[in-house]
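The values are calculated or read from the model by the stated rules, or taken from the named source; none is laboratory data. None of these values were measured; they are calculated from a predicted model. Cβ placement follows ideal geometry from the backbone for every residue including glycine, while neighbour counts extend to all protein chains displayed. Keep in mind that these areas ignore ligands, DNA and RNA; they rest on the heavy atoms of the full protein, side chains included. Shrake-Rupley method; radii C 1.70, N 1.55, O 1.52, S 1.80 Å.
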Amino acid sequence: MGARKVDTLVQCGAAVTVVSPEASPAVKHLADQKAIILKQRPYRSSDVEGMFLVIGATDNETLNHRINADAEQLNLLCNIADRPEICNFILPAIVRRGDFVMAISTAGKSPAFAKHIRKRLETQFGPEYGLVLELMGAIRNKLLADAHEPEVHKPLFERLIAGDLLALVKDRKIDRIDQLLKRVLGPGYRYHQLMPSNQQPRE
């Protein structure tokens, strides 16, 4: 649980410090990459000093309450995983596909249900959603660079969506994607030219 929260915070650009006697391989890897600060030792009350946001993710109820009390004393934002009654803010469950993000919240009533829905959504929304969003952003930037007025973009994007762009990207039909782009946007819009090389599906 803690490793997932750490990874999400890092993806959001947070400066993360993890305090734990034990650390998962994923957390150790982030520390090795200098993406986080890892203090492999038991928690100390002083660990929350100077922090903006505190997250407790332990199965020790006494420690959870101590972390909460330490954060509250300093008027810090504090979330204790799966313990909404001692949180002063709620973290939604998140599904992320590149810049495409969905958040699921039960207002703290059932974190387990939010987790259940997240897992279902992760099977329904694949990486193609992030790819389509990346493509849409590249198209928008090119339209703006070509001096298109922003108000004319909406119907163009609606035609791309109606043309099954998502399904074409999912099925890696690059030729048909290019045909759709040309039909809606005109010449000069090709998938391989718009997308970074590491995000280009291969037929």
Which ones in the range 127-136 are open to solvent by less than 60 Å² (accessible area, probe 1.4 Å) and either over 17 Å from the mean Cα position of the chain (by Cα) or among the acidic types (Asp, Glu) (or both)? 128, 135, 136
For residues in the range 73-83 being open to solvent by 50 Å² or more (accessible area, probe 1.4 Å) and modelled with pLDDT under 95, which is farthest from residue 116 (Cα to Cα)? 83
So, residue 70, is that one open to solvent by 20 Å² or more (accessible area, probe 1.4 Å), modelled with pLDDT of 95 or more and among the acidic types (Asp, Glu) or not? yes
Can you give me the number of residues within the range 166-176 that are open to solvent by less than 90 Å² (accessible area, probe 1.4 Å) and in contact with a helix residue (DSSP H, G or I) (Cβ under 6 Å, 6 or more places away or on another chain)? 4
Matching residues, the range 61-104, being part of a loop (DSSP other than H, G, I, E, B) and among the β-branched types (Val, Ile, Thr): 90
Would you tally the residues in the range 59-82 being under 20 Å from residue 3 (Cβ atoms), over 22 Å from the mean Cα position of the chain (by Cα) and touching a residue at least 24 places away in the same chain (Cβ under 8 Å)? 1
Tell me, yes or no, whether the range 173-190 has at least one residue that is out of contact with any Ser or Thr (no Cβ under 8 Å at 6 or more places or on another chain), among the hydroxyl-bearing types (Ser, Thr, Tyr) and at pLDDT below 95. yes
Failed condition for residue 95, given (1) open to solvent by less than 20 Å² (accessible area, probe 1.4 Å); (2) farther than 26 Å from residue 161 by Cα; (3) modelled with pLDDT under 95, with all others met? (2)
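Considering only residues of the range 15-34 that are among the aliphatic types (A, V, I, L, M) and open to solvent by less than 40 Å² (accessible area, probe 1.4 Å), which is farthest from the chain's Cα centre (by Cα)?
Ranking the qualifying residues of the range 15-34, first place goes to 23.
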